[in-house]
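Notes for the one structure printed next.
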Amino acid sequence: MRPMLFNLGIGDGLFDSLCGALDAQAATLEIRSFPDGESYVRALDDCEGRVVTLACSLDRPNAKILPLLLAAETLRDLGAAQVGLAAPYLAYMRQDTRFKVGEGITSRYFADLLSRHFDWLATVDPHLHRFHAMDEIYRVPARVVHAAPTLAQWIRQHVEQPVLIGPDSESRQWVSEVAAGAGAPFLILDKQRSGDRDVRVSVPDLARHMDRVPVIIDDIVSTGRTAIAAVSHLATLGAPPPVCAFVHAVFADDAEAMLKAAGASRVVSCNTIEHPSNAMDMSAPLAQACRDLMATSPERRR
Ligand code: R5P
């Protein structure tokens, strides 16, 4: 039987591509709010005995998470043989330690919550920093898709003579991978963040690359302050206007407008979060991850 794919919050283009790549039935859930604000969930396709995947990008997660979990439980209750989650963007990965006394390690709690309701998880470049692997916090099989080859290909095709600029020391590993794929040199910023919207950066050793086009790459753009600080700093050094390429275009509030106003020549992102800047398609590797997880995960009926 063909697997079923439900769209609970990814772009239509990505959803159609995933359905095609997985040879999946595009299935529908009715989800709406009752007048009192509670969620109403109804499956409009019969999922008895079927392998189902919910596709939901978890940016702005708080509004999405309860309907998502209720949908997963509804489908399992209706006889789904396996319920997987394809979350191209996975939320709550950045609060991965107690930065201040009394804080919660919400990455861990969120992972625990999803692990209770899904049989597996496929995602794209989650923000693994102090946790090095998903199985440190997820109790179900979790497959990570890397965007580095896609970013490298886009840069190769669209930027002549690039020099890649990574946001912080933790990014060195994947920035170096993108740079190798793009056949370009790379630099890593010195970054200090002292608040949600207070970021300072400096670019070491740019002098020998002034004839190249800077490409600032980051896994997440949220407030945009990291990228804005980098763009502004490059301008003070007399570098050409940089291209900004992100995996996950969260873009809180007016971040995108501020980034363009700061002097970015072009802003592009992967289609893990639907956004006008989407220029790189992650459907093929994400579908492959889902296919592998479906094939290797056991059935878990209620
Ligand atoms: C941080 O470790 C990440 O790699 C990004 O640099 C960060 O999430 C960007 O956030 P913002 O856009 O709020 O500066």
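The values are calculated or read from the model by the stated rules, or taken from the named source; none is laboratory data. From a predicted model like this one, the values you see are computed outputs, not experimental measurements. No Cβ is skipped: glycine too gets one built from the backbone with ideal geometry, and neighbour counts run over all protein chains shown. Just so you know, the surface numbers come from the protein's heavy atoms only, side chains and all, with ligands and any DNA or RNA stripped out. Shrake-Rupley method; radii C 1.70, N 1.55, O 1.52, S 1.80 Å.
For the chain, the longest stretch holding no GluC sites (Glu not before Pro) located in a DSSP loop with at most 15 other Cβ atoms within 10 Å is which?
Free of exposed loop sites, the longest segment is 161-298.
Using 0.36 nm per residue of separation minus the Cα-Cα distance, give me the extension gain between Glu73 and Thr97 in nm, one decimal.
5.7 nm
How much area per residue is accessible in the range 148-280 when the probe is 1.4 Å and only protein heavy atoms are counted (Å²)?
In whole numbers, the range 148-280 has 44 Å² accessible per residue.
Could you work out which residue, out of Val144, Val124, Val159, moves most in a Gaussian network model of the chain, that is, has the largest mean-square fluctuation with Cα springs under 10 Å?
The residue that fluctuates most here is Val159.
Can you grab the distance from the C-alpha centre of the range 262-291 to the C-alpha centre of the range 177-194, Å, no decimals?
Comparing the Cα centres of the range 262-291 and the range 177-194, I get a distance of 19 Å.
Evaluate the relative contact order of the chain (contact order divided by residue number), counting alpha-carbon pairs under 8 angstrom at least 6 apart; express in whole percent.
Here the relative contact order equals 16 percent.
To the nearest Å, what is the center-to-center distance of the range 32-91 and the range 99-132, using C-alpha atoms only?
19
Looking only at Pro214, Pro240, Pro204, which one moves most when the chain is put into a Gaussian network model with springs between Cα atoms under 10 Å?
Highest fluctuation of the listed residues: Pro204.
List the aspartates and glutamates whose alpha-carbon lies under 16 Å from that of Lys100, not counting same-chain residues fewer than 8 positions away?
By straight Cα distance, Lys100 reaches Asp196.
Quick one: P(r) of the range 1-97 from all Cα-Cα pairs, 10 Å bins, percents rounded to integers, in order of increasing distance.
Histogramming the range 1-97 at 10 Å steps yields 16, 47, 30, 7, 0 percent.
When the C-alpha atoms of the range 258-300 are aligned to their principal axes, what extent does each axis show, in angstrom, from largest down?
The Cα atoms of the range 258-300 stretch 51, 18, 12 Å along their principal axes.
Which Cα, out of Ala43, Phe110, Trp120, lies furthest along the positive dipole direction of the chain (beta carbon charges, K/R +1, D/E -1)?
Of the candidates, Phe110 comes out farthest on the positive side.
If the cut-off is a Cα-Cα distance under 21 Å, which lysines reach Lys260, setting aside same-chain residues fewer than 8 apart in sequence?
Correct list for Lys260: Lys191.
Name the residues of the range 275-302 whose amide N is less than 16 Å from a point 7 angstrom out from the Cα of Ala26 along the C-beta direction?
It comes to 283, nothing else.
Taking the radius of gyration and the Kirkwood hydrodynamic radius from Cα positions alone, what is the Rg/Rh ratio for the range 148-280, to two decimal places?
0.92
Once the Cα gyration tensor of the range 65-144 is found, what semi-axes does its equivalent ellipsoid get, as square roots of 5 times the eigenvalues, in whole Å, sorted largest first?
Values for the range 65-144, descending: 24, 14, 10 Å.
On a full-extension model of 0.36 nm per residue, what is the gain between Tyr40 and Ala133, subtracting their alpha-carbon distance, rounded to one decimal in nm?
Between Tyr40 and Ala133, full extension yields an extra 30.0 nm.
Find the Cα radius of gyration of the chain, compare it with 2.2 N^0.38 Å by division, and give the number to two decimals.
1.05
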